[in-house]
Structure formats: structure tokens, C-alpha cells
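Read through the structure below, which is laid out as C-alpha cells, and then see the notes.
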């Protein structure tokens, strides 16, 4: 294992030392952030809801005008990874590949596909039950409909937002929420948001900015399947303050409920444990 | 020379095969676009206006909350490069370096510094005198004051804008202009813009989006030194249509005048040849 916890690294089917050089300097992912990624959690050698991740990877590449991902190759990489490290975090990165200098993509260039795995994070085990504190970020997300929803490699807004608060500690925030310029809640730095009002769920509209995560889609489907009303809409910050509960989710953390946000306390949703269990299942 | 014309590659003082792997998968430049760059033209082994580039590199890193660039090391790399390839294009990339997975930067991490050189572009030689056609891009730049002006590694907007028009050819556009959501002209995909109205110059305000290029600053200084009125202001598209002349500039191309934009013809500024000569000098 390397200093950053990397266990496994494969680029275009070739295994690399996770700590060594593996990306050519001409890769458009490095030069322009021209590519997309997925971060998934392997459990017992398997990625829950993999078909949804595969669809999202293909959809995000299409949004950027890039080609189709080599899903059979990625599935082989994940199977080999799961056989060696059944429980870990895998990041799948697909870039526009190599090109000559300049913003123009070369025609017919092959995409670069990287699967990299790291050890499970050392989070406090009680986060799921005890809830988390949520920081309100000062950085506002820019409206860019051409990129909204896509998990692309241009993540400086998230980096700057995450740099606003100190490392986690006792009482420290485990996640930060970002708003858009109009003051609507959009996303956590690494997660999607749900609010609960009188038993109804709502999650922010992401047509202007934010990432449409796979876990968000799973929670919407779970809510509908369980007769919980769930909507996608613009959510001004005041709605969050008044909400009974707030939940942040992604494919690594599952779903955390928010204990504390902007000096206010919120409740754990009655169905939270049930949701967590459902997300851990493969559906 | 590699397929993409790369001549020279040095990362943190170590020479690499320009076509081989040189970037670790954990580099934050690759994962999040967490870093900045400069593209400069070497002429007779020397970078014109290098002190301006050095200041811009340091200012851009500071805007991202990163440390100071190792300028003596970069100057050594450029001197070694210039001794081997006196006339070429060099890209200097400085990233936030390595970190554990996630948006949070690790404390005390060293920046990664890469100097990579490619051959001079094979542009038609008459562009400077004959002018260029300028494409109007459909993609609108997002307002993000936290990143505006900075030449950072999150360049998907430019990649998408550059993908809008075909490869250059006879009559093809050599550059594309991007507006913001309000319809104000901001930047070319790889250049800054000046317009000329009754002998006065104006260049777009970049406090909301766009890159504040070194060549733009040099042209502003040159204009003031030559008693040409030059202002920085919001420029609605209609001002461009009505302008006598349009000029796009960067440190590689120098300054090109625009012959054709949106079906309208514009004139070569009377002082254009003089400006080009001044930019080629080291000041």
C-alpha cells in the first residue's frame, strides 16, 4: 500500500505501481481535465448498482462529446480488483486520451481508462447512526448548463469549497454544502442532498450546476418504491433551515443524516436505517 | 520527436521520455485539475517578458491557495530547454501535487512542476498579415469570480468551445470567441480580445470569467506607452460588430487581427505591424 492508501492501479489494461508514474504528460485529463470519473465502493468484491454506474459513465462521456467507454474492459478490471481486494474504494477515470497541444481534440484518439483502488476510509463508525455536522460553504457554484450534472475532471470548485473548513475532528464537519449564485442549495462537495419536509423528500434541481450522482438516483427510486413523495426542485437555503431532516449521499458513504447545519439541529429520518440497508443491497 | 511534437519533458527536475508515463495517478492535476499553467514561446532560447509570466504563475497559484512556484528551478529548466531547442513552445504546469483520495488537499504537500516543450505550430505564415476568420462560439462561459482570470487546469469550457468548429482549412476560423451568459464578449478559446473603435482600444472585463493573459497586459501597457487610449470594460457583442478592428492575442501567436467575424469584415489596425514587432521584443 502506498502513502495515499493506493492498492491497485491499471491503465488501459496494464498494471502499474500505484505510486509510480502512469499518466503521459500529453493526456488531456491532466492538461485540461478533459474526461470523467466515477468513485464506487466494492463490497465483497462487488460494486452495488454497477449497471447504473456504467450508464452514468457512458452518459457523461456522451455529454462531453467523447466516445463510448470500454465497459467490458472496465468490468474485467473491477473483477480482478475485487478478487484481490474485496472491500475497497475504486475510482474509474476515463479521459479524452492523448492529443497534440491545444484545446482541439485529435480525431480518432483512443480514450484513456484508469481503474485505481484505495483502502476504505477510516471514518468514525458512528457517522451513519450519530449523524454529521454539515458546513455551509462560502464558494458559490457557477451555472454552466453545458457541464451541469456531469462528473467531469474539472473539480476546482469542489477543491476550493473543501479547503474552507479544517480537517474533521470532534465536532468538525464531515461535509460542506455548496449553493449556486442565486442562493439555492445544489450539492455537497462530494455528495448529493435530500431534505425531508413533513415526510416528503426533495432534492435540488441540477440543470445549472452540480453532479447528478448515482446514489441520488437510487434514493429517488427507493422513495418512489416505498410510497414516499420525492421531488426534484429548486431549494432555497431557507427550506433547508426549516426542514425536519437533511441527508447527504454518495456511492462511498451511502447516506448520512445531518445532525447540525448552520447552528440548527435536525432529526434523523425515521426510515434512515432502512434506506442505508437498501443502498447496501445490489439494486 | 513524438507523435504530438513533444521535444522535451522535465518533471520536478527529472527528465522523462516525452511520450512515456510521467505523472503519478495520485496527482491532483490529473484527478481534479488542481493546478495552473503557462504556455510560452521560446525565441532564440529565450522567453520574451518572462518576469511577467513568473509573476502570473505565482499570482495564479496564490488565487488557488497553493504555495509559491519554484521559479529558480523553472528558470533552470527553461534555460536547459532553450539551449537544446531555441525556438519552440513550452508549457509550464504546476499542480497541487499528490494527495490522498478526496477534494481535501493534504497539508505540506510539495507542488508538482512540469516543463514540456513542443515544436512550433505549422500555422500558415500569412496569418499575421492576412488576418484570420473568428468563429462565434455557442458555448457561454460561466461566471465564477473565485476562478476568473486564472489560467487553471479546468479547461472543459474551452475544450467544448473549440470542438464547435472544424479543423482549420481554407477560409476556416483560426480562433473562436466565447461570450458570457449575459452576451458580453470575454475571451477567445486560447486568446484575449481587443477591439478598436475610432482609434481607441478596449478589452473585456474579466472579473467574472475568462483568463487574464500576459499578452493582454503587455498590449495594454504598449497602448498606454504609445498614447493610444485603452480601457477594460464590459463589451456587448454589438460593440464588436460595429468596431473598426478586432485583435486576438496570446504569448504563442502574438497578435492576430480579425478579417472576418459573424459575416462582417473588419480592418487591420494601422499600428498592427508595430504592435507585433513590440511583442516580439523582450519587454
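Quick look at the numbers
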item	result
Value at 222 nm in deg cm²/dmol, rounded to 500, when DSSP H runs of n ≥ 4 in chain A each add -39,500 (n - 2.57)	-7000 deg cm²/dmol
For the stretch B:172-220 and the stretch A:129-203, distance of Cα centres in Å	32
Prolate/oblate/rounded label for the stretch B:10-86 (Cα gyration tensor, a/c 1.5)	oblate
Where Rh is the Kirkwood radius over Cα pairs, Rg/Rh for the protein assembly as shown	0.99
Order of B:262, B:249 - criterion: other Cβ atoms within 10 Å of each residue's Cβ, fewest first	B:262, B:249
Cβ-derived FRET efficiency at R0 60 Å, residue B:224 paired with residue A:280, nearest 0.05	0.40
Proxy reagent accessibility, fewest Cβ within 10 Å first, across B:137, A:187	B:137, A:187
Per-residue average of Cβ from other chains inside 10 Å of B:32-39	5
Overall form of chain B per C-alpha gyration tensor (a/c, 1.5; a/b vs b/c)	prolate
Translational diffusion of the stretch A:15-173, µm² s⁻¹ [Kirkwood Rh, Cα pairs; Stokes-Einstein; 10 °C; 1.306 mPa s]	89
Relative contact order (percent, whole number), chain A, Cα cutoff 8 Å, 6+ residue spacing	18
Reference-scaled alpha-carbon Rg (2.2 N^0.38 Å with N residues) for the stretch B:127-280	0.96
Average beta-carbon neighbours from other chains, 10 Å sphere, peptide B:149-156	6
Unit Cα scatterers, Debye sum, the stretch A:196-283: log10 I(q)/I(0) for q = 0.10, 0.12, 0.14, 0.17 Å⁻¹	-0.24, -0.34, -0.47, -0.72
Per-residue Cβ neighbour rank within 10 angstrom, fewest leading, B:23, A:232	A:232, B:23
Antiparallel %, DSSP beta bridges [both residues in chain B], to 5	75
The stretch B:50-86 and the stretch A:254-281: distance between their alpha carbon centers, rounded to Å	48
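Where a number appears in this text, it was derived from the coordinates with a stated rule and is not lab data. Quick caveat, the model's predicted, so the values are computed rather than measured. Using ideal geometry, Cβ is built from the backbone for each residue, glycine included, and neighbour counts are taken over all protein chains shown.
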